[in-house]
Amino acid sequence: MTEIRAPMQGTVIGVAAVGDAVSPGRAVVTIESMKIACPVEPEVSGTVSSVLVTVGALVKEGDLLAVVDDTTGAAVDESPALGAAPGEVARADLAAVIERHERLLDAARPEAVEQRRRTGQRTARENIDDLCDPGSFVEYGPLVVAAQRQRRSLEELIERTPADGIVGGVGTVDGRRTVVMAYDYTVLAGTQGMQSHRKKDRLYELAARERLPVVLFGEGGGGRPGDTDGLVVTGLDVPTFHTLGRLSGQVPLVAIVSGRCFAGNAALVGCCDVIIATAGSNIGMGGPAMIEGGGLGVFAPEEIGPLDVQTANGVVDIAVADESEAVSVARRYLSYFAGRAAAEDREHADQAVLRNLVPEDRTRIYDVRRVVVTVADTGSVLELRPAFGPTMITALARVDGYPLGIVANNPAHLGGAIDSPGADKAARFLQLCDAFGLPVLFLCDTPGIMVGPDSERTALVRHVSRLFVVGANLSVPTGTIILRKGYGLGSMTMAGGGFKAPLFCVAWPTGEIGGMGLEGAVRLGYRKELAAIADPEERERTFSKLVGRLYEQGKALAAATTFEIDDVIDPADSRRWISSLLTSSAGNTDRNRPPRFVDPW
């Protein structure tokens, strides 16, 4: 005989009859406690021999409810209560959840997929699947619909506004947890709705809390005026833009644009550290409707912020052919913030090649990008903003597997003189490296800061001074190699403010330094003497002789004798200097300083 006692206090809402066959899994008595039904089951199979309570009775924990005779050998149905075969979905509630999620998938939205195919683009989910490691993406808020229940039925919203037009969640990118979100242009033109803002806010908060990089596929038309739910007049109190702005400098922020990206979408993209855009993209702070509504004319979307404009002006950091390449570049960009590369990815070119990349003739042009790719690990260089500020080259790279930033003067443009766009480009890049602890290598070959009335109209004084202020406040280690020219204030900006500011400042044999360009120094310092020479040919010979004399005085070998630089080195030995910088100093940043953001410009 087995006694059945109450496991808790409650009210009896069901009892078996005397003589009923019972077993584990089949209740003798059912008690309701705090609105929850609790079946009381025997631990053995048998027959109910007596029942001591009735429906409606109040019982306490431990009260005797019934007795089961477990010696009768009664036949008992042993089949599972739910009767579902393995893998089958027998519950209606679970089936409804599965069905709702399946309606979100591309396979259930053939018209939306076809819409993307007509423009030669991928769906939001295809881009996320390509970016994230297989099976790693966990979506947040997939069942959300647009806040338009006052104007559309719920079924229509489920059908036409899945996820409120933005797919977002957390996945891994090459093993590193990353927040990923993609506007879905097939849903209300990828516009920003009330619920999509809430989803972004949730994910940005997670990124801040967990220190996760963020990748945003930003295609879309900006703010959405058609949402009706809730007490909203303007929506200007949404925290989305503030929340994303707070992430700057705290975690890497990557934006990918394919197609049209206007207004609020463009603002979010512009807050990111790097913008990758595909051919045919358009990015603008106002789309056609906003421009026309402001009485500023009628323009086609393709006329607003096309890719050639946005690369030349510095908005787009990296231009690519299509979304597949954009995703590949995004993965590569994020890799620089994930530590040292594997040993098999540390190959490099024959460093003896560096000995002949700078011509012996000091007036001949050369391609400084060849220096960058040769000194770095093979295939590791990723240049940012190549079409903007061409007097400067800014690139992420690796040396012996360690990530670093490289800033190089470009003698192929203005002879390497530093102008306002080039200064802005370099200063912002230095902030990016500093924010994420990447050491910086300067490759100096500049005649100085660009001069002249036209240059001053660009606010040159302020723009170039950014390099001094940013350079002086870097917390990451830096090193400078003078490839050829190192003249005046311009060369000092290529060393964080002065030749003793970096951890090392060395020169190649082709190096030459001076307070200003040699030709300018002669014309300024010997103006009266040269003016006194009447014969133009004699004047030119005297000028060349004076320049040659200053060149001998300013050659790197001469400067090294007075310890104005740390050494003159064999170019083939450059990686050894850089490696010493990386291995001994990488990560020795001042983490007690206040957080710093990365200037969007």
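Some values worked out for this structure:
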| read-out | value |
| --- | --- |
| Cross-chain or 6+ apart pairs with Cβ under 6 Å, the range 112-141 first and closer than 18 Å to Asp164 by Cβ, then of a type in the set (Lys, Arg) | Thr123/Arg116; Gly141/Lys199 |
| Residue tally, condition among the hydroxyl-bearing types (Ser, Thr, Tyr), touching a residue at least 40 places away in the same chain (Cβ under 8 Å) and assigned to a loop (DSSP other than H, G, I, E, B), over the range 1-45 | 1 |
| Cβ-Cβ under 8 Å pairs, at least 6 apart or on other chains, the range 361-389 side farther than 24 Å from Ser335 by Cα and part of a helix (DSSP H, G or I), far side open to solvent by 20 Å² or more (accessible area, probe 1.4 Å) and not acidic (Asp, Glu) | Val368/Ala412 |
| Members of the range 322-357 that are among the small types (Gly, Ala, Ser) and either out of contact with any Gly (no Cβ under 6 Å at 6 or more places or on another chain) or assigned to a helix (DSSP H, G or I) (or both) | Ser324, Ala326, Ser328, Ala330, Ser335, Ala338, Gly339, Ala342, Ala343, Ala349, Ala352 |
| Selection within the range 142-154 - charged (D, E, K, R) and in contact (Cβ under 8 Å) with a residue 24 or more places away in the chain | Arg149, Arg151 |
| Selected residue (criterion: farthest from Val67 (Cα to Cα)) from residues of the range 39-57 that are within 60 Å of the chain's Cα centre (by Cα) and open to solvent by 30 Å² or more (accessible area, probe 1.4 Å) | Pro39 |
| Selected residue (only one of Gly297, Gly314, Gly293, Gly270 is more than 24 Å from Tyr204 (Cβ to Cβ), modelled with pLDDT of 95 or more and surrounded by fewer than 22 Cβ atoms within 10 Å (Cβ to Cβ)) | Gly314 |
| Residue in the range 230-265 that is surrounded by the fewest Cβ atoms within 10 Å (Cβ to Cβ), counting only those that are closer than 17 Å to Asp201 by Cα and among the small types (Gly, Ala, Ser) | Gly245 |
| Residues satisfying the stated conditions in the range 289-307, i.e. farther than 19 Å from Thr278 by Cα and of a type in the set (A, V, I, L, M) | Ala289, Met290, Ile291, Leu296, Val298 |
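Rundown of residues vs (1) touching an Asp or Glu at 6+ places or on another chain (Cβ under 8 Å); (2) part of a strand (DSSP E or B), yes/no style:
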site	(1), (2)
Gly437	no, no
Phe442	no, yes
Asp454	no, no
Phe468	no, no
Leu474	yes, no
Lys485	yes, yes
Gly497	no, no
Pro502	no, no
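The values are calculated or read from the model by the stated rules, or taken from the named source; none is laboratory data. Note that the coordinates shown come from a computational prediction; the quantities given were computed from them, not determined experimentally. Here Cβ is always computed from backbone atoms with ideal geometry, including for glycine, and neighbour counts include all displayed protein chains. Remember, those area values only see protein heavy atoms, side chains included, never the ligands or the DNA or RNA. Shrake-Rupley method; radii C 1.70, N 1.55, O 1.52, S 1.80 Å.
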